[in-house]
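Data first, discussion second: the structure below is written as structure tokens.
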Amino acid sequence: MSRRPFRVEGFSTLRLSVLDVARSRDWYEKFFGVAPVEDLPDFASFRIAETVLELVLADEKSPISNGGSVGYWLVDDLAGTLSLAEELGAEIYRGPLAVEEIHRTIVQIRDPFGNVLGFTEVFK
């Protein structure tokens with residue numbers, strides 16, 4: 001096998017298309033407990049650990065996602081994460097599911113605006 005011309009250094013950005021940037025920004029600010037680093041009428045972004053979460057106004061090229069490709073945030077307290085998500089109006093979409101092969105529990109939530117996010121926790 002030949003050497004690749006690049007090396008993956010990690011996951012950088014997760015972009016969610018939303019119908020209302022301001023309402024989504026407010027929800028994610030409460031959920032993650034961090035203020036946006038960029039805050040415009042049609043765009044907001046947050047730095048969460050080493051990842052940037054971007055909220056962009058949905059359009060025909062970037063519609064709302066109901067699943068499809070789902071990124072998973074690694075958290076240290078999955079039950080607490082899900083509790084807060086539900087308290088803020090999200091719903092559990094899939095799971096929780098124990099995945100023995102990777103020694104993690106995974107779950108997907110649907111935020112109050114229709115986007116699906118994944119969360120995972122290493123087995124304790």
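Remarks
- Some residue of the stretch 32-49 being more than 19 Å from Arg110 (Cα to Cα) and in the same structural domain as Leu117 (by TED's automatic domain parsing): no
- Filtering Arg110, Arg104, Arg94 for residues that are more than 17 Å from Ser24 (Cα to Cα), buried (at least 16 other Cβ atoms within 10 Å of the Cβ) and among the basic types (Lys, Arg) leaves a single hit, Arg104.
- Screening Thr81 with (1) among the polar types (S, T, N, Q); (2) touching a Phe, Trp or Tyr at 6+ places or on another chain (Cβ under 6 Å); (3) at pLDDT below 95 gives one miss only, at (3).
- Of the strands (runs of 3 or more DSSP E) contained entirely in the stretch 37-124, those carrying at least 1 residues that are among the hydrophobic types (A, V, I, L, M, F, W, C) and without any contact (Cβ under 8 Å) to a residue 12 or more places away in the chain fall at 91-99.
- Taking each residue of the stretch 1-27 that is in a loop (DSSP other than H, G, I, E, B) and looking for partners that are surrounded by 13 or more Cβ atoms within 10 Å (Cβ to Cβ) and of a type in the set (Asp, Glu) with beta-carbon atoms closer than 7 Å, six or more apart or interchain, yields nothing.
- Selection count where residues are within 23 Å of Phe119 (Cβ to Cβ) and either buried (at least 16 other Cβ atoms within 10 Å of the Cβ) or touching a strand residue (DSSP E or B) at 6+ places or on another chain (Cβ under 9 Å) (or both), scope the stretch 34-55: 15
- Val18 vs. criteria within 21 Å of Val122 (Cβ to Cβ) and either in contact with a strand residue (DSSP E or B) (Cβ under 6 Å, 6 or more places away or on another chain) or modelled with pLDDT of 90 or more (or both): no
- Within the stretch 63-78, none of the residues are outside the structural domain of Lys124 (by TED's automatic domain parsing), under 21 Å from Phe123 (Cα atoms) and under 14 Å from the mean Cα position of the chain (by Cα).
- Subset of the stretch 98-124 (residues that are under 24 Å from Ile64 (Cβ atoms) and either of a type outside the set (S, T, N, Q) or in contact with a helix residue (DSSP H, G or I) (Cβ under 7 Å, 6 or more places away or on another chain) (or both)): Ile106, Val107, Ile109, Arg110, Asp111, Pro112, Phe113, Gly114, Val116, Leu117, Gly118, Phe119
- Test: residue in the stretch 65-83 that is of a type in the set (Asp, Glu) and over 26 Å from Glu9 (Cα atoms): no
- All positions within the stretch 5-33 that are of a type in the set (S, T, N, Q) and surrounded by 13 or more Cβ atoms within 10 Å (Cβ to Cβ): Ser17, Ser24
The values are calculated or read from the model by the stated rules, or taken from the named source; none is laboratory data. Only a predicted model underlies this, so the values are computations on that prediction, with no experimental measurement involved. As a convention, Cβ positions derive from the backbone with ideal geometry for all residues, glycine included, and neighbour counts pool all protein chains shown.
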